[in-house]
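The values are calculated or read from the model by the stated rules, or taken from the named source; none is laboratory data. Please read all numbers here as calculations on a predicted model, not as lab measurements. Note: ideal-geometry Cβ built from the backbone for every residue, glycine included; neighbour counts use all protein chains shown. Side chains included, ligands, DNA and RNA excluded: accessible areas come from the protein's heavy atoms. Shrake-Rupley method; radii C 1.70, N 1.55, O 1.52, S 1.80 Å.
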Amino acid sequence: MSCARPIRRPLAAAMALGLLLGTLPRASAGVPGESAYQAPHALPLLTAVRYFRAGQYAQAVTEAEWLLSGRLVPCQPRALLVLAASREAQGRYGEAREAYSQALALCTDPRLQQYVLEQMAQCDRGGPSRQQPAPPSAQLSAQRRADLARLEDAEAIETGSHFTVRSRNAELSRLVLEHAEGALIRVSQLILGQTEYPHSVEILIHATPADFAAASGDAGHSTGRFELIGQAGGYFRRVIHLTQLDAGGTFDAAMLDRVLPHELSHLVLTEFFGDAPCPLYLQEGLAMLAEYGEPTGRILLAGAAVATGQALPLEYLLTREACQADESALFYAQSRSLLSYLRDSMTQDQFHALLGQLRDGHPLGDALHRALAMPYDATLLARLETAWQAQAIAQAQILTALKEADGQAL
């Protein structure tokens, strides 16, 4: 990638589940006051959580309701939270709020109480304002992936409202067109707000990494690239290059999950900024926010770097114009972490106002003052860095607890 469904729960839900599951006892451990809560109870709960994390909400609801049927009372607070989050993901906000309310009466951890209150308010508003769709590849069977890896003799062309897709696989062209339209909606909401993207884009899918490199001019390790090519008369040709097969000759599912929305974000943001320079952290942070799914590795990397004193300072992050090879992974992780924090801390209108101020050339501190309509505060950036880094550490810790809890039940 260039450096220049159904509703899925936000990270907050995973964090809350991590807090709950982090308290799960090992199968052989005795827990004062919870002697009845042993491995036979833990396994169904972890099964429900895994269904939830996979986007299989109906199955998660079934498992949680069984746990709440009266036979496994010690699981009740945990099962209620899984049930509530699954119902919310299904759009059953009234039922979700009821389960959250029951969970609130049983939760003793202040962090969980705060989370539950926020989710209840969200259900009252009719659901989350920022939805995280499941990765498209999660719905592909092994046979479907094999079909998408076929190379046909004739070029298959599919055309939609904003895209023309060309590949050597008719099924792939149709699938990419479908997901491109959905990805554009997400990218436009992230960057343009209520403004609809008005242009048409060509998507050229090259068969192999070698074909991609030859056609796109990208001789690196990337498998995706966007181009905005000036034409006569002031027109532009908009192109996104993708790759059908990975180095092993199998269908490259990352094309749908990460590369397509990432490059589409670069294209839309480039046009949004026009001739104005766009900071690198903003380019890459927004592009990664546009990707499907939650990048656990990047969340853990950003949190670990902050916790161990190895994080890139905020001022350094804001002023880099190019990625150094030895710091590119951390730069990407921290850029996404920072943009995620800003977006989650602001209303949608405030976030879009911030992007507009950055486009107008204001540095982040000034842009925040203007977007938030707040008096000048010389400590704003320092306080932002402290709050953002605290969240980065907390997110990494909770994901680690969730991973460890999964391991305890195995």
Under a 1.4 angstrom probe, counting protein chains only, how are TRP388, TRP66 ranked by accessible area, largest first?
-> TRP66, TRP388
Report the calculated FRET efficiency for GLN194 and ASP326 (r = Cβ-Cβ distance, R0 = 51 Å), to the nearest 0.05.
-> 0.80
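What size of dipole, in debye to the nearest 20, comes out for the stretch 153-216 about its Cα centre when the only charges are +1 on Lys and Arg C-beta atoms and -1 on Asp and Glu C-beta atoms?
Working: 4 positive and 9 negative charges, 33 e Å.
With only Lys, Arg, Asp and Glu charged at Cβ, the dipole is about 160 debye.
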Determine the per residue accessible area of the stretch 149-240 with all protein chains present and a 1.4 angstrom probe, expressed in square angstrom.
-> 51
For LEU242, the residues 5 or more places away or on another chain with a placed amide H closer than 5 Å to its own amide H are LEU204, ILE205, HIS206
Solvent accessible area, Å² - PHE251, 1.4 Å probe, full protein context | 20
Note down the accessible area of ASP246, probe 1.4 Å, to the nearest 10 Å².
-> 50
Just report the Cα centroid separation between the stretch 262-307 and the stretch 355-404, whole Å.
-> 15
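Expressed as a whole percent, how much of the Cα-Cα distance distribution for the stretch 272-410 exceeds 18 Å? Could the numbers behind the result be given before it?
Numbers: 5493 of 9591 pairs.
That fraction is 57 percent.
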For labels at THR62 and ALA382 in the simple 7 Å Cα→Cβ model, what's the distance in nm?
-> 5.7
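At 1.4 Å probe radius, can you tell me the per residue accessible area of the stretch 248-299 in Å²? It would help to have the intermediate numbers written out before the result.
Details: 1370 Å² over 52 residues.
Ligands and nucleic acids excluded, the result is 26 Å² per residue.
On the accessible surface of the stretch 328-377, probed at 1.4 Å, how many percent belong to carbon and sulfur atoms?
Numbers: 1030 of 2130 Å².
Carbon and sulfur atoms account for 49 percent of the accessible area of the stretch 328-377.
On the accessible surface of the stretch 159-299, probed at 1.4 Å, how many percent belong to carbon and sulfur atoms?
Numbers: 2830 of 5550 Å².
Carbon plus sulfur share of accessible area: 51 percent.
Evaluate Rg over Rh across the stretch 261-328, taking Cα atoms for both radii and Kirkwood's formula for Rh. Walk me through the numbers on the way to the answer.
Working: Rg = 13.3 Å, Rh = 13.4 Å.
That ratio is 1.00, to two decimals.
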